[in-house]
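Visitor: Quick one: the structure is below, questions incoming.
The values are calculated or read from the model by the stated rules, or taken from the named source; none is laboratory data. Note that this is a predicted model, so its numbers are computed, not measured. FYI the Cβ positions are ideal-geometry reconstructions off the backbone, even for glycines, and counts take in every protein chain you see.
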Amino acid sequence: MDDVIKKGLSIVSELRDHGFEAYIVGGAVRDYHIGRKPKDVDVVTSASPDEIRTLYPHAFQINRQFQTLTVHLQKVAIEVSTLRGGSIEDDLCSRDFTINAMALAMNGDIIDPTGGKTDLENGVIRSFHPEARFKEDPLRMLRAPRFASELGFTVAKGTAEAIKGSCSLLADVAVERVEKELTQLMIGTHRSSGWCLLHETGLYPFIPGVSLSKETVLRMKEISRSPGLLPADGFWAILYLLENRSMKLPLAKEKKKRIRTIVHYVGERQNHSWNETMLYQASLSVATVVEQIRALFGQASVHEEELRQLWSSLPIQTRTELAVTGRDVMAHFQKKGGPWLADTLADIEEAVLLKHIENEKKSIIQWLEERRVES
Ligand code: ATP
Ligand code: MG
């Protein structure tokens, strides 16, 4: 049995020992059935949020509204929630798709009120009462192409029709909820069908914060046919490029920054090949993604191994590796910090990088002295 499932069951067992009903539900049960490794486990229980908190005082609550507490068991995140509706059946019937609406009990029994097992065997994404479910939470519509991309499943006819009829409701969903679904869609094994569904269902112009053009969606569908898999930020960068950098990125600040950096170096690479300075400034991981993007666009690209060699030949790979710090430089000149310090450090960095001086405190200080005499 999968280790993630085992850890989930140990929480189920503990809850039961305290007299509560408890089951593993959702994605983990689905993945377990198709022999896929679950990313995380969801547990539902008859215990109230306060009772869960009493049992797991270190549990972390992400979202008050959903009354979910996350318990960590040796790096596995187990999300424990109170049953919605009066029973496990009611809870399962309130979930997004039949394939995600099965529960695994402690004794190995599967509770499957919506026919999820059959849909899973047939590779079908189906929502139970789709119109009502999508109205309740329009994000579920975006999750259909997301799961199609991850699992290679098709969307049931009635479900696809309901998405077509309700697609504009997606625009009302909070921007923060988009990232996970769109990212999973972009990196899924069957990502080209994910994009195809975004097109066919008419969802693409209504993705909050993103609002893609038809041209971009069709281009993404084509690009995604290639077996070359990029890290998620690479796909976000492609999307950003295809939308002429005019789209908003529904991502946290740090991720946005990284994607803009990747896009910047995709631009630089149109006119320059990688040299020491450009690679140092970009970092090996950015350069690698940039080359993967070039390959996806059918442009000549440098092999990762070649980049790696150039990278390992650099005298320093980050500023922190410089043999002197700002403190050393201030002490040497007996001057307080200021704009001059940043400039001096940048000059030292460049001189070391271009191998004009050794990355050694003595040679750097000597070089600074010579410069002082010259100026
Ligand atoms: P993943 O493998 O990416 O974690 P998952 O199916 O576990 O996929 P989660 O977002 O972790 O997806 O959600 C866990 C479970 O909660 C789902 O399987 C589903 O049963 C339910 N769920 C999640 N989001 C919704 C939603 N918007 N509406 C209804 N049920 C949902
Ligand atoms: Mg999950």
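Visitor: Within the stretch 176-190, is there a residue that is in contact with a Lys or Arg (Cβ under 9 Å, 6 or more places away or on another chain), basic (Lys, Arg) and under 18 Å from Asp96 (Cβ atoms)?
Guide: Checked against the condition, which is being in contact with a Lys or Arg (Cβ under 9 Å, 6 or more places away or on another chain), basic (Lys, Arg) and under 18 Å from Asp96 (Cβ atoms), the stretch 176-190 yields at least one hit.
Visitor: Of the residues Lys75, Lys117, Lys39, which is at pLDDT below 90 and within 30 Å of Trp195 (Cβ to Cβ)?
Guide: Lys39
Visitor: Test Thr277 against the criterion of being at pLDDT below 95 and in a helix (DSSP H, G or I), and give yes or no. Talk me through it step by step, then tell me what you get.
Guide: On the way: at pLDDT below 95: yes; in a helix (DSSP H, G or I): yes.
Judged against the criteria, Thr277 is a match.
Visitor: Something else: Counting only residues that are assigned to a helix (DSSP H, G or I) and in contact (Cβ under 8 Å) with a residue 24 or more places away in the chain, which one in the stretch 310-332 is nearest to Ser285 (Cα to Cα)?
Guide: Going through the qualifying residues, I end up with Trp311.
Visitor: Do the conditions hold for Asp42, that is, is it surrounded by 13 or more Cβ atoms within 10 Å (Cβ to Cβ), within 26 Å of Pro138 (Cα to Cα), of a type outside the set (A, V, I, L, M) and in contact with a Gly (Cβ under 7 Å, 6 or more places away or on another chain)?
Guide: Yes, satisfied.
This table checks each residue for (1) touching a residue at least 40 places away in the same chain (Cβ under 8 Å); (2) out of contact with any strand residue (DSSP E or B) (no Cβ under 7 Å at 6 or more places or on another chain); (3) assigned to a helix (DSSP H, G or I).
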| position | (1), (2), (3) |
| --- | --- |
| Leu182 | yes, yes, yes |
| Gly202 | no, yes, no |
| Gly234 | yes, yes, yes |
| Arg258 | no, yes, yes |
| His264 | no, yes, yes |
| Gln281 | no, yes, yes |
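Visitor: Take the stretch 236-256 and flag every residue that is within 22 Å of Met278 (Cβ to Cβ) and either assigned to a loop (DSSP other than H, G, I, E, B) or in the same structural domain as Leu182 (by TED's automatic domain parsing) (or both).
Guide: Once the filter is applied, which keeps residues that are within 22 Å of Met278 (Cβ to Cβ) and either assigned to a loop (DSSP other than H, G, I, E, B) or in the same structural domain as Leu182 (by TED's automatic domain parsing) (or both), the stretch 236-256 yields only Arg245.
Visitor: Let me ask something additional. Within the stretch 46-57, is there a residue that is in contact with a helix residue (DSSP H, G or I) (Cβ under 7 Å, 6 or more places away or on another chain) and within 15 Å of ligand 1 (Cβ to nearest atom)?
Guide: No, the stretch 46-57 contains no residue that is in contact with a helix residue (DSSP H, G or I) (Cβ under 7 Å, 6 or more places away or on another chain) and within 15 Å of ligand 1 (Cβ to nearest atom).
Visitor: Would you please name the residue that is farthest from Leu197 (Cα to Cα), looking only at residues in the stretch 129-143 that are away from ligand 2 (no atom under 16 Å from the Cβ) and buried (at least 20 other Cβ atoms within 10 Å of the Cβ)?
Guide: Arg133
Visitor: Right, another one. Return the pairs, sorted by first residue and then second, in which the second residue is in a loop (DSSP other than H, G, I, E, B), the first residue lies in the stretch 112-127 and is closer than 13 Å to Glu89 by Cα, the beta carbons are less than 6 Å apart, and the residues are 6+ apart or on different chains.
Guide: Asp112/Met102; Thr114/Ala101; Thr114/Phe128; Gly116/Ala101; Gly116/Met102
Visitor: So if I check each of Arg191, Arg225, which one is more than 16 Å from ligand 2 (Cβ to nearest atom), of a type in the set (D, E, K, R) and surrounded by 18 or more Cβ atoms within 10 Å (Cβ to Cβ)? Please lay out each step first, then the result.
Guide: Numbers: Arg225 fails: surrounded by 18 or more Cβ atoms within 10 Å (Cβ to Cβ).
Within the list Arg191, Arg225, the selection yields Arg191.
This table checks each residue for (1) over 19 Å from the mean Cα position of the chain (by Cα); (2) farther than 20 Å from Leu120 by Cβ.
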| site | (1), (2) |
| --- | --- |
| Leu151 | no, no |
| Glu161 | yes, yes |
| Asp172 | yes, yes |
| Thr183 | no, yes |
